[in-house]
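For reference, the structure is listed below as structure tokens.
Each value in this text was obtained by applying a stated rule to the coordinates, not by laboratory testing. Predicted model only: the values in this text are computed from it and were never measured. FYI the Cβ positions are ideal-geometry reconstructions off the backbone, even for glycines, and counts take in every protein chain you see.
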Amino acid sequence: MSGSALYDTFARAPLAFERGEGSWLITQDGQRYLDFAGGIAVNSLGHGHPALVAALTEQAGKLWHTSNLYEIPGQTRLSERLAAATFADKVFFTNSGAEALECAIKTARRYQYANGHPEKFRIITFEGAFHGRTLATIAAGGQQKYLEGFGPKVEGFDQVPFGDLEALQKAITPETAALLIEPVQGEGGIREVAVSFLKRLRELCDEHGLLLILDEVQSGIGRTGKLFAYEWSGVAPDIMAIAKGIGGGFPVGACLATARAAEGMTAGVHGTTFGGNQLAMAVGNAVLDVVLEEGFLEDVQRKALLMKQGLAAVADEFPDVIEGVRGSGLMLGLKCRMPNGTVNAALRDQKLLAVPAGDNVIRLLPPLTVSDDEIREALERIRSAAGSLSETTA
Ligand SMILES: *Cc1c(COP(=O)(O)O)cnc(C)c1O
């Protein structure tokens, strides 16, 4: 046993923060860290955003929670706004990404069931995927390290290699209900799915009567410079899971669906106690107010370019540390030449926070509100970190 009363499931950095201000996190003894981890793409508007603080504190004085036994006007409003801004007609609110995925999986299975195909319950996913840590979502993610020791893998998930169209076509059977994919793999190492591949997925779904489920838990809410990453491709899903950025740090998730896809989700078939409570909805609506402001997403795209170009220059300078830059918007990855844990520790020494990911990548997920100066400062720190690790510098 370790010295802590906490489960030992997290390998935490020896750092505790007391306060946050925009893109900065501040320790008890006043040390300032530039936060390009963003609570793993959660703090979409940084720390202590005045509009979010106001929305949460105002709601906290009125009402926190009533349960879904009653109408919740904030839910009605947020669902209508999400529907208006996306492919979706219907929304179910949850507390987390994994729960949003659970709802997405259940929605797809129920759709097939309601349409006379109870035999269609299997879902095809892609290697490197991450969909959460519940029993169903670890089965969907298919990663052995998350499945090991937790008993039989939940039935109904088939996995094919990333980007392998032939394997995908072979994996479709009369039992297949849906395809599930992240338009940009986050945990998997900021791996973008090609637009042509997404288009092909849509066609395959239409040909075979399958539903297309997108996991935009990490890539959504402006992260890639559009409200949702799928918008870059022009391919609309039938169902989509979101979370992380929509709450800006308050736990909020949602499953979005077309009216057709949500057909089977009738009264009583699914539920949640906490999902969509008044506090969560106040914050979710406030996040959307900011992200949907005229010019906000264009500014994210502009800043993303600045950052990506700067990162490419650092990679050119230290090719023995950084192999390349990937990703879009403010969801960027540094493919490392040396272990990404080493690079992450060097970044932390420069007081820059980032997140390691699969495929030996370091994720950079700054708040969407990050300033140009903060991006330049981060680039300088990344350059110093890379320099400290490189053999090529004197
Ligand atoms: C974080 C994440 C999840 C799981 O979200 P939780 O809130 O941790 O349950 C699912 N899918 C993707 C793509 C994620 O990045």
Among Pro50, Pro183, Pro367, the residue with the largest mean-square fluctuation in a Gaussian network model of the chain built from Cα contacts under 10 Å is Pro50
Amide H of Glu323: which non-local residues (sequence gap of 5 or more, or other chain) have their own amide H closer than 5 Å, using H built in the peptide plane?
Lys335, Cys336, Arg337
Just report the Cα centroid separation between the range 257-328 and the range 217-256, whole Å.
5 Å
Can you check what the net charge comes to around Thr266, using other residues whose Cβ is under 13 Å from the Cβ of Thr266 (Lys, Arg +1; Asp, Glu -1)?
+2
Just Ala378, Ala136, Ala13 to compare: in a GNM of the chain, with alpha carbon springs under 10 Å, which one fluctuates most?
Ala13
Taking every DSSP bridge whose two residues both lie in the range 173-311, the antiparallel percent to the nearest 5 is 45 percent
Residue by residue through the range 58-71, the couplings from Karplus 6.51 cos²θ - 1.76 cosθ + 1.60 with θ = phi - 60°, in Hz, x for Gly and Pro, are 5, 5, 4, x, 9, 6, 9, 7, 10, 6, 7, 6, 10, 6
With a Förster radius of 41 Å, plug the Cβ-Cβ distance of Asp373 and Gln169 into 1/(1 + (r/R0)^6) and report the FRET value to the nearest 0.05.
0.25
Treat the count of other C-beta atoms within 10 Å as a stand-in for reagent exposure and order Thr125, Thr86, Thr76 from fewest to most.
Thr76, Thr86, Thr125
With charges set only on the Cβ (+1 for Lys and Arg, -1 for Asp and Glu), what does the dipole of the chain come to about its Cα centre, in debye to the nearest 20?
380 debye
Can you list the trypsin sites (Lys or Arg not before Pro) in the range 287-346 that are in a DSSP coil and have 12 or fewer other beta carbons within 10 angstrom?
none
Where both partners of a DSSP beta bridge lie in the range 243-362, what percent of those bridges are antiparallel, to the nearest 5?
90 percent
Gained length - Glu58 relative to Glu155, 0.36 nm times residue gap less alpha-carbon distance:
30.4 nm
Between Ala60, Ala346, Ala108, find the one with the highest GNM mean-square fluctuation for the chain; connect C-alpha pairs within less than 10 Å.
Ala60
Anchor Lys106: aspartates and glutamates whose Cα lies under 18 Å away (excluding residues fewer than 8 positions away in-chain):
Asp89, Glu119, Glu155, Asp158, Glu175, Glu182, Asp215, Glu216, Asp238, Glu263
Inter-probe distance in nm under a simple model that places probes 7 Å from Cα toward Cβ, at Asp289 and Arg133:
3.3 nm
In the structure displayed, which of Lys303/Lys335; Lys120/Lys153; Lys226/Lys308; Lys244/Lys351; Lys153/Lys244; Lys199/Lys226 lie more than 22 Å apart, Cα to Cα?
Lys244/Lys351; Lys153/Lys244
Chymotrypsin sites (Phe, Trp or Tyr not before Pro) restricted to DSSP loop in the range 1-82 with at most 16 other C-beta within 10 Å:
Tyr7, Phe10, Trp64, Tyr70
The chain: calculated mean residue ellipticity at 222 nm from DSSP helix runs of at least 4, using -39500 (n - 2.57)
-11000 deg cm²/dmol
Exposure proxy check on Phe87, Phe274: fewest-to-most Cβ neighbours within 10 Å is Phe274, Phe87
Starting at the first residue of the range 121-138, write each ³J(HN,Hα) from the Karplus equation 6.51 cos²θ - 1.76 cosθ + 1.60 with θ = phi - 60°, in whole Hz, x for Gly and Pro.
9, 7, 10, 9, 10, 10, 4, x, 5, 9, 10, x, 10, 6, 4, 6, 6, 6
For a quick check: sort Ile40, Ile246 by the number of other beta carbons within 10 angstrom, fewest at the front.
Ile40, Ile246
Assuming a ≥ b ≥ c are the square roots of the Cα gyration tensor eigenvalues, decide whether the range 52-291 counts as rounded (a/c under 1.5), prolate (otherwise, with a/b larger than b/c) or oblate.
prolate
Within the chain, what percent of beta bridges assigned by DSSP are antiparallel, to the nearest 5?
65 percent
